[in-house]
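The next block holds one structure in the form of structure tokens; read it before the comments.
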């Protein structure tokens, strides 16, 4: 019987590059920036790292295939390095590899690195590209915003929420993330916005306007993990440990079977149940201190509040408008600005979320530090489209909590 | 048994470009075009070509008719999308027909349609099963040419065979004269035309009467007995003058659809015939003639069986499915007559692996999904393992055709980010009542019309992607609203 990951692995070092339009940096430059911060935070020599996992989503836009680009960028001493890709959840997958390796006893210290260099396409938004030779024959000509936008009409129809009420709640989400991002020196977008600006922005994919969409950024994030015992032997105190790591992948039900209504994420619900169980959380609305979700689009964040069982089904709009998820609310969501404003360098995003939770746990989040001491922090990292995706959930917290 | 027409079908694209808008753009260059600036012409969407329009006409023609019982599919056009790949074969595939049928393309003249029809009528005499004849045209015309105004895009189809014919074939008469009033040479995109007055006086008025008189004497029918005279010429009064010369009744001259459709090239004689059949009654005698390096003329007598023909769209139904297009620039762009900045996203290579295409052809062209023989769940695409989580049976999927099923729409978007030749790109999740669903491209969406969750959609066969680099295009099915509802109604 599996006992789960809870408290078996501690995070001892994290780093994150500034996210944004890093016109003058290659992926390797972003990696080194995050790595230096993480290795200094861990206080170890590079030679102590036994293995590394390298997460990146659209490698053809920057480093190319395999784990070799990471091994070369950091001149790793011929240790095992594995490249992982799972859509926008690639960074979380890198962390999962490293955490599992430590938990298994195969490694003492492992590292997860995520990177993405997206701003080399010549245009805004994610790169337009082939989706596989067979998929290209029949998949709709869909972009990310167009796929996620469809949550809105389906949600409206199911919960009888008017399109304008929904759009206003979506606007609140984006305004909140811009407020939070303005307090984050590493964030891509640091400007505050108004509801009027959101509502009147150009349409990207109905009903998603420009401010309903997250930034497409360059960036990198790094985590170094080990066992709590080794962490203590390195002199670490107040350990932050991994409480749960769950992944759920669509099996075609949403895309091909009529039992899904298009208004929520099947995978998020499956992963959330398992993650709370693994972490020993029985009431997430009361027990979670703060969390980061995959707010690629405002509507994604909205429905995810319900899929994580924090808002009751059909009630997310009320919680959002009540400020429940604001930085000074009951459970802040995207206290660092989220994908929306911190930015979304695909392979780095999952690790960036953990980075913020880790900083908050250690009281190192600067101007945006939550005053109430955080116990449990969660990262929800999605990849793909609502109708076929992967969902990663990672919960970290104070050791013993 | 009598040979003739068993059923008809028609298709005219939804968009109608206003000729006044074409004229507005060209008045500076050629004010003389003003005479052509009235009315509207049909305009194929960017994802339509002669094959997709022929298919729509064929589906219409086969309304309530079993597709099992066809012996052949003929397609006629002067604008085939493929020079070497049988176009009728694509139509047959998309109709999900059995493979042991004959398929033939007829081309190279404005008479291609009437030639194919006369061949079909002859072959049907000795065939056990009917022949599906389709004719379709999407002409490339030079900007500011008279043809740009007078032509339209469209298709028609006839089921030709023996038995309960709705129109009996009384006879055909042809003459071949290599009278070159216009031509399109090898590798050329556009027609080269000679003076209209000469074509009228030396072409229509000299060649056609001989052919029609030949037909009348061959069939023993007197000119006064002809109820409807279908002669597809855009120029005003040509058909009426011919009718007068030939002794036809004044009201026998069929509408050439110049006001609301335009001349659909090689398809137009059949388009006009279908249009005539829609309003015909038993005993009517319809004479169809078509001109192009000679002339074909055919005579049909409508039978009582026409009253029992199941309802279909035909040409009239197609014409009433109408979206007014006032943007001439869009027409130019669809025909690649203007070099618009479509953005870097448009540069994505659309190469189709022919092995991939062939392996997945039933899925893409026939829209065959699977149905689990264990639990009965239909799904698209077909797969090795049943999608129903309660089942999950392996290798139980039997072919299940989706193309003719009605879907309902679950969610949708209008996407301005992704590349589309006609942004925004509309798409969404559609599902079929019996089971099965698909994130599907939508087409023929009018921004002035309502898109609502739960609305009914039908599938149409369209161009999925153009590969201009290699001259290939891949087809797939898209969803379009079954009924259009104007916003605010």
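In table form, for the structure just shown:
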quantity: Per-peptide average of other Cβ atoms within 10 Å, ordering A:240-246, A:71-77 highest first; calculated: A:240-246, A:71-77
quantity: Mean projected area in nm² (Cα convex hull; one quarter of hull surface) for segment B:3-334; calculated: 15.5 nm²
quantity: Folded to 0 to 90 degrees: helix A:163-181 orientation relative to chain A principal axis, Cα; calculated: 30 degrees
quantity: Exposure proxy ranking, count of Cβ atoms within 10 Å, fewest first, for B:198, A:53; calculated: B:198, A:53
quantity: Bins of 5 Å, starting at 0 and running to the largest distance - Cα pair percent for segment B:403-489; calculated: 3, 14, 24, 24, 18, 10, 5, 2, 0, 0
quantity: Spacing of the two label points (7 Å from each Cα toward its C-beta) at residue B:385 and residue A:322, in nm; calculated: 4.1 nm
quantity: FRET E, pair residue B:202, residue B:122, Förster distance 22 Å, beta-carbon r, rounded to 0.05; calculated: 0.15
quantity: Under the Debye formula (equal points on every Cα, no solvent term), log10 I(q)/I(0) of segment A:167-320 at q = 0.14, 0.15, 0.19 Å⁻¹; calculated: -0.92, -1.02, -1.33
quantity: Least to most buried among A:227, A:394, B:270, B:151 (fewest other Cβ within 10 Å first); calculated: A:227, B:151, A:394, B:270
quantity: Along principal axes, Cα extents of segment B:73-191, largest first, whole Å; calculated: 47, 33, 23
quantity: Computed Rg/Rh of segment B:73-120, alpha carbon atoms with Kirkwood Rh; calculated: 0.97
quantity: Cβ-based exposure ranking for A:230, A:204, B:445, in which fewest neighbours within 10 Å come first; calculated: A:230, B:445, A:204
quantity: Where only alpha carbons of segment A:79-160 are counted, the Rg and the Dmax (Å); calculated: 18.4, 55
quantity: Mean-position separation - Cα centroids, segment B:435-475 and segment B:283-359, in angstrom; calculated: 16 Å
quantity: Whole-Å semi-axes of segment B:200-264's equivalent ellipsoid (Cα gyration tensor); calculated: 20, 14, 10
quantity: Spin-label zone in segment B:263-301 - amide nitrogen under 20 Å from a point set 7 Å from the Cα of residue B:38 along the C-beta vector; calculated: B:263-264
quantity: Segment residue A:277-residue A:46, extension gain: residue separation times 0.36 nm, minus the distance between their alpha carbons; calculated: 79.7 nm
quantity: Cβ-derived FRET efficiency at R0 22 Å, residue B:449 paired with residue B:404, nearest 0.05; calculated: 0.45
quantity: Rounded to 10°, Cα long-axis angle of helix B:205-219 versus longest principal axis of chain B; calculated: 90 degrees
quantity: Solution diffusion estimate, µm²/s, Stokes-Einstein, the protein assembly as shown, Kirkwood Rh from C-alpha pairs, 10 °C, viscosity 1.306 mPa s; calculated: 52 µm²/s
quantity: Segment A:24-51 residues near the modelled residue A:129 label - backbone nitrogen below 15 Å, point 7 Å along Cα→Cβ; calculated: A:27
quantity: Label point 7 Å beyond Cα of residue B:342 along Cβ direction - residues of segment B:351-367 with amide nitrogen under 20 Å; calculated: B:351-353
quantity: Projected-area average for segment A:279-401 over all orientations - Cα convex hull basis, square nanometres; calculated: 7.5 nm²
quantity: Pairwise label distance in nanometres, residue B:28 with residue A:66, each label 7 Å out on the Cα-Cβ vector; calculated: 5.9 nm
quantity: Nearest 10 degrees, 0 to 90: helix A:266-279 Cα axis against chain A principal axis; calculated: 40 degrees
quantity: Calculated FRET efficiency for the pair residue B:394/residue B:143, C-beta based, R₀ 51 Å, to 0.05; calculated: 0.35
quantity: Gain in span if fully extended, residue B:486 to residue B:237, counting 0.36 nm per residue against the direct Cα distance; calculated: 85.9 nm
quantity: Ellipsoid semi-axes in whole angstrom, largest first, where each is sqrt(5λ) of the Cα gyration tensor of segment B:21-117; calculated: 35, 15, 12
quantity: Translational diffusion coefficient (Stokes-Einstein; Kirkwood radius from C-alpha pairs) of chain A at 37 °C, 0.692 mPa s, in µm²/s; calculated: 158 µm²/s
quantity: Computed label-point distance, nm, for sites residue B:189 and residue B:20 using a 7 Å Cα→Cβ extension; calculated: 2.9 nm
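Where a number appears in this text, it was derived from the coordinates with a stated rule and is not lab data. In this text the structure is predicted, and so the values were computed from the model without any measurement. Don't worry about glycine lacking a Cβ; one is built from the backbone with ideal geometry, like all the others, and counts go over all protein chains shown.
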